[in-house]
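Each value in this text was obtained by applying a stated rule to the coordinates, not by laboratory testing. Note that the structure is a prediction, hence the values are computed from the model and not measured. Reconstructed Cβ throughout: ideal geometry from the backbone, glycine too, with neighbour counts over all protein chains shown.
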Amino acid sequence: MKKTLIALAALATAGVASAQSSVTLFGVVDLSYENVHTAAGRVSGLAPSANSSSRLGFRGVEDLGGGMSASFWLEAALAPQSGISSSGTTGNNQNTPAAGATTLFSGATAGGLTFNRRSTVSLSGGFGEIRLGRDYTPTFWNYTIFDPFGTNSVGATLPSYTGLVSPTFVRASNSIGYFLPGNLGGIYGQLMYAMGNRVSNECAGTAVNGFPACANATPAAVYGYTSAVDTSGNGRYFGGRLGYSQGPINVAASYGKTKYQPGTLAISNLLGASFAGNVAVAAAPPALAIPASSVAVAGGSFTDWSLGGSYTFGSVKAMAYYSRQRVDDVSATGTGVFAPAPVAPPTPTLTGSRPFTFGGFGNSLTYRGWGLGVDWGIGAGNVLASYSRVRGETGPFSESASKWAIGYVHNLSKRTAVYGIYSRVNNSEFAAMNAGSYSSGALGAVAPGVSATNPDASGNLGGSSYGMNIGLRHAF
C-alpha cells in the first residue's frame with residue numbers, strides 16, 4: 001500500500017512539473033422548448049441539444065518529442081433538463097444490452113455518467129493519428145457536416161433517421177482508427193475497424209426451437225435455419241472516408257459495413273417503424289392488413305455509403321449529399337388486423353387478426369436519401385434551411401417521406417446563442433416518419449397505438465408532422 005501511494009504521488013508530481021502536458025475541461029449546455037405534433041397527438045416540454053449536443057468532456061495531450069504526441073478524449077452526453085446522462089451506450093456494437101443491464105434507446109445499456117459520445121486514446125505524429133476506443137464512424141460524418149442543422153434538433157435531415165437501423169451508424173465501440181496527416185494539400189481521410197468483442201462459440205438458436213442452446217436470441221422462424229448460426233462476428237464494422245477541403249470547397253465520400261447474421265439484427269426504425277410491417281402484411285392475402293405494434297422486424301448486415309459536399313459564397317454556405325443505406329436479409333413477423341379487400345387506411349373494415357411473415361434471405365431493405373441545405377451568416381446570426389427526402393424499398397414495395405426545415409441562430413457572444421427551428425415532414429401512403437428531434441435525449445413523438453377506431457400502428461401513417469425548438473445554448 002505504501003509503495004502504491006508513493007507511486008501515485010510521483011505520478012502527480014510529474015504531471016504538475018511537465019510543461020508539455022495539458023488537460024482541458026469542456027462542455028455544452030443546450031436546452032430548448034420542444035413541440036412535436038403527429039396524427040397520434042402532440043408532445044412538448046423541455047429537451048436538450050437542439051443547437052449543439054449537450055456534453056461534458058475532458059481531453060488531454062502530452063508532447064512526446066520528435067513531433068509525436070499522445071492524447072486522450074473522454075466525452076459524455078448530458079440531459080441538462082433533468083441533470084442525468086442523456087443516453088446509454090451500445091454494448092459491443094449490438095442493439096441488445098448485456099445480461100442484467102437496463103435497456104435504453106433501442107438496446108443501449110443505461111447507467112450514470114457514461115463517456116458514450118467519445119472515449120479514445122491516440123498517438124499522433126507526421127504519419128497521422130492512430131486512435132483507439134469508442135468514436136464516430138467515418139460514414140456518419142457526411143450526414144452531420146453537410147446538414148446545416150448538424151444532425152441535431154427537429155431540423156435534422158431525414159436520411160440520418162433511417163440510418164439508425166444500425167447500432168454503428170453514428171459511433172462504434174472497440175474501434176481502431178487511422179487519420180491521414182493534415183499536410184496533404186487539402187486531402188483528408190479516415191479508416192476504422194471496430195470489433196464486436198463476441199465469444200468464439202457464440203451462436204443464434206435455442207433448444208426450444210430445435211437448435212442447440214445458444215448465447216443470444218433466436219432468429220425469426222421465417223429464415224428456416226436448421227442448425228445453430230455462428231454470430232461471433234456480429235457487430236464487426238469496417239469503413240472509411242476520403243475528402244478534399246481547400247478554400248470554399250469541401251467534398252467527401254464514405255463507405256462502411258457492419259456484419260450481422262441474417263435475422264439477428266433487430267430493427268426498430270423503418271420510415272417510422274411502420275413501413276416494413278405494413279408491406280409485410282400487404283404481401284399476404286387478403287391484400288391489406290394493419291399491423292399490431294408487436295410486429296418484429298429483423299435483418300442482417302448493414303451497408304452505408306454517401307457522397308457530400310459544400311461550397312461557400314461569401315457569407316453563404318451551400319451543401320448537399322446523397323446516401324444509400326441497405327439492410328440485408330430483412331424479414332417481418334407478427335399479427336395483423338386484416339381487411340377483406342384492398343382498402344386504403346386509415347379506415348378499413350376490420351375482420352380480425354392473424355399471423356403473417358414476409359421476407360427472409362435475399363430480401364434487402366434499401367434507403368435512398370438526399371439533402372440540400374444552406375447556412376447564411378447575417379450579422380450576429382445564421383439563417384439555416386434544408387430540404388431532404390428518403391425512400392425505402394423492400395421486395396416490390398417502396399414508400400417515401402420528405403422534410404423541410406428552417407431555423408435562425410443568434411449569437412449573443414462566441415459561446416452563447418439563442419435559436420429557433422421549425423420543420424415539417426410529409427409521408428407517402430405507408431411511410432410514417434415524424435418531425436421528432438434527432439438529438440440525444442429528445443422528447444420523440446407520441447407513441448403509436450392500434451385499435452378498431454385507430455388502426456394506424458405508427459401514429460402517423462401516410463400523414464404529416466411538424467416540430468419546433470426554441471432554446472438557449474452555452475459552451476465552455
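How much length is gained on full extension from Phe26 to Phe361, taking 0.36 nm per residue of separation minus their Cα-Cα distance?
Gain in length upon complete extension: 115.9 nm.
Would you mind ranking His474, His410, His37 by Cβ crowding within 10 Å, fewest neighbours first?
Final ranking by Cβ density, sparse to dense: His410, His474, His37.
Would you mind ranking Val446, Val418, Val36 so that the residue whose beta carbon has the fewest other beta carbons within 10 Å leads the list?
In order of increasing Cβ crowding within 10 Å: Val418, Val446, Val36.
Please work out how much length the chain gains when fully extended from Ala253 to Ile84, using 0.36 nm per residue of separation minus the C-alpha to C-alpha distance, in nm with one decimal.
My answer for the length gained is 57.2 nm.
What does the highest-first list of 173-186, 312-325, 363-376 look like by mean Cβ count within 10 Å?
Result, highest mean first: 363-376, 312-325, 173-186.
Please find the FRET efficiency linking Tyr322 to Ser44, where r is the Cβ-Cβ separation and R0 is fixed at 41 Å, and quote it to the nearest 0.05.
Once rounded, the FRET efficiency stands at 0.75.
When ranked by the protection proxy of mean other Cβ atoms within 10 Å per residue, highest first, what sequence do the peptides 378-387, 40-49 form?
Sorting 378-387, 40-49 by mean packing, highest first, produces 40-49, 378-387.
With the crude spin-label approximation of a point 7 Å out along Cα→Cβ, what separation in nm comes out for Phe313 versus Val418?
3.1 nm
Excluding same-chain residues fewer than 8 positions from Lys317, which aspartates and glutamates have a Cα within less than 13 Å of its Cα?
Lys317 reaches Asp147, Asp375.
Residue separation times 0.36 nm, minus the C-alpha to C-alpha distance between Ala70 and Val199: what's the value?
Contour length minus Cα-Cα distance gives 43.3 nm.
Lys and Arg at +1, Asp and Glu at -1: add these up for the other residues within a Cβ distance under 9 Å of Asp304 and post the number.
Overall, the nearby charge balance is +3.
Quick one: give the max-minus-min coordinate of the C-alpha atoms of region 110-208 along each principal axis, largest first, in Å.
60, 37, 27
In Å³ and rounded to a whole number, note down the convex hull volume per residue for the Cα atoms of region 28-67.
106 Å³
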